[in-house]
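Notes follow the structure.
Read-outs: derived from the displayed coordinates by stated rules, not from any lab. Note that the structure is a prediction, hence the values are computed from the model and not measured. So basically every Cβ, Gly included, is an ideal-geometry build from the backbone, and we count neighbours across all protein chains shown.
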Amino acid sequence: MPAVSIAALAGGQVEVDAQTLSSFAAGLEGSLVGRDDPGYEEARAVWNAMISKRPALIARCASAADVKRSLDFATDHGLLFSVKGAGHNIAGSALCEGGLTIDLSQMRAVDVDLDAGTVRVQPGATLGDLDGATLPHGRAIPVGINSTTGIAGLTLGGGFGWLSRKHGLTIDSLISADVVTADGRELTASDDENADLFWGLKGGGGNFGIVTSFEFRLNDAGPDLLCGLIVHPFTDGRGVLETLRGFVAGASDDMTMWAVLRDAPPLPFLPEEVHGTKVVVLAFVYAGDPAEGERELAAIRSYGNPHGEHIGVIPFAGFQQAFDPLLTPGSRNYWKSHNFASISDGLVDTVLEYAASLPSPQSEIFIAQVGGESSRIPADSAAYPHRDAAFVMNVHTRWEDAADDARCVGWAREFFDATAGFSTGGVYLNFVSEAEDAARVTAAYGANYEKLRQLKAKYDPRNVFRTNLNVRP
């Protein structure tokens, strides 16, 4: 490999000679990829097509030893670097322009220990990898809703999904993590060992080190659960959202229901004339006995005149992949998000107003029910602070043509501003689209921000982990 000019942590460039690069590459179990090498474009690809950064080098790690060697190489030479898990982060923090990307995406092993009731997960694994290893045994970790999402980024941001009302956030099942810190130490973080670091990893983003292994406690789930969709006409939207509001107020922890406002995809259970029209979708998972779930669901299933529904006891691993076709990589994506304590009349009015003018056929507004077990854990028990959120709204703007960037982003920002007055002021870290948006980053860490800054000063005083949603020491 020839000499390379690489972006420096302090600004400017660092020239790394050919011999040094060859020595670094030779010591990796994985591979070192430069801009002119085969596989570079694949290695730098991330989920959000709005992100098009070109690292000077990509270290494709195959082991924890590779991770340490890559981090040492970056810090020894004063290089700007980023850390890539599955590459699904909306803000594109997996890549850094002109620097070194430490790529963990090939480290995808998932090892289940049913006797111990635990699972160990490498940082490149996806939700699909984890679900595929645990759910056939009727065990699970509460994770997100898109099977291509990375476990590392999800966990470091907190993590929530269909099982969070029953089993808490992803971080609430985390037992320990193996971490390489900024000074090259390999530490284990848990409640009993490096407990302050463990606290920071549970929702503090990638600010304190590179996690090379996560250990989770398994929870009972499935493998088959009562799941489904109820699709209503948009003209009934107000009644649907008001009925949903009353329903979730009395819902058990086993029931989780989300509302999605969008153009109807071509779902086979919908009449063809409904495809492409605006709808309100109620999506739900019941994590307990299906017969009990059917009885609980009846209160909302009887409402209105839906276009159609698809409800049944199915493998939960399959339902976890149900939304993947709407979230494939390669499209342009921009998100804005709020947390809410309740769904007020004013919020309903505003949501319906803006949902009527979605800027593209792929765009949607979803309102996710959270709370339950995840809200019973003290807000200061982990870096993730938003235990007061009963609902998380994500304004998911998605389109294909770069010429539509300004219009689509502008619509999302306008809607975000219009709903800000109804929010708690908090935001879910993994839904922040712009890493440089300091105000939203602060809001994501909430009341725990100052403690995170102190932790950063201890574990990363030079702020070498900075290409993320950054906490500055």
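Miscellaneous remarks
- Fewest neighbouring Cβ atoms within 10 Å first, the residues Tyr449, Tyr384 line up as Tyr449, Tyr384.
- Our note on the geometry: Cα centres of segment 159-191 and segment 372-428, 22 Å apart.
- Estimated distance in nm for a label pair at Ala62 and Thr235, the labels positioned 7 Å out from Cα along Cα-to-Cβ: 6.2
- Helical content alone sets the calculated 222 nm signal of the chain at -7500 deg cm²/dmol, taking -39,500 (n - 2.57) per DSSP H segment of four or more residues and averaging over every residue.
- Placing dummy labels 7 Å off each Cα toward the beta-carbon, the span from Asn463 to Glu294 is 5.8 nm.
- Here the 3J(HN,Hα) profile of segment 107-118, calculated from phi with Karplus coefficients 6.51, -1.76 and 1.60 at θ = phi - 60°, is 9, 10, 5, 10, 10, 9, 10, 5, 5, 7, x, 9 Hz, Gly and Pro shown as x.
- Nearest-20 debye value, the chain charge dipole, Cβ charges on Lys, Arg, Asp, Glu: 820
- Of the residues Val67, His88, Gln122, the one whose Cα sits farthest towards the positive end of the charge dipole of segment 49-191 is His88 (charges of +1 on Lys and Arg Cβ, -1 on Asp and Glu Cβ, taken about the Cα centre).
- Each of Phe316, Leu327, Leu347 was scored by the projection of its Cα onto the charge dipole of segment 254-353, and the greatest displacement toward the positive side belongs to Leu327; charges sit on the C-beta of Lys, Arg, Asp and Glu.
- Given charges at beta-carbon only (K, R positive; D, E negative), |dipole| of segment 14-97 in Debye: 300
- Gap separating the Cα centres of segment 305-339 and segment 193-264, nearest whole Å: 12
- Summing Cβ point charges (Lys, Arg +1; Asp, Glu -1) relative to the Cα centre of segment 51-206 gives a dipole of roughly 620 debye.
- For the chain, with +1 on Lys and Arg beta carbons and -1 on Asp and Glu, the positive-most of Leu28, Ala438, Ala418 along the dipole: Ala438
- Pairs over the 29 Å Cα-Cα cut-off, from the set Lys166/Lys456; Lys278/Lys336; Lys84/Lys278; Lys53/Lys278: Lys166/Lys456; Lys84/Lys278; Lys53/Lys278.
- In this calculation the C-beta distance from Asp324 to Gln106 is compared with R0 = 22 Å, giving a FRET efficiency of 0.55.
- Centre-to-centre separation between the Cα atoms of segment 17-93 and those of segment 279-298: 44 Å.
- Once the C-beta distance of Thr75 and Ser5 is scaled by a Förster radius of 22 Å, the resulting FRET efficiency is 0.75 to the nearest 0.05.
- Computed extension length for Gln19-Asp191: 57.6 nm, one decimal, from 0.36 nm per residue of separation with the Cα-Cα distance subtracted.
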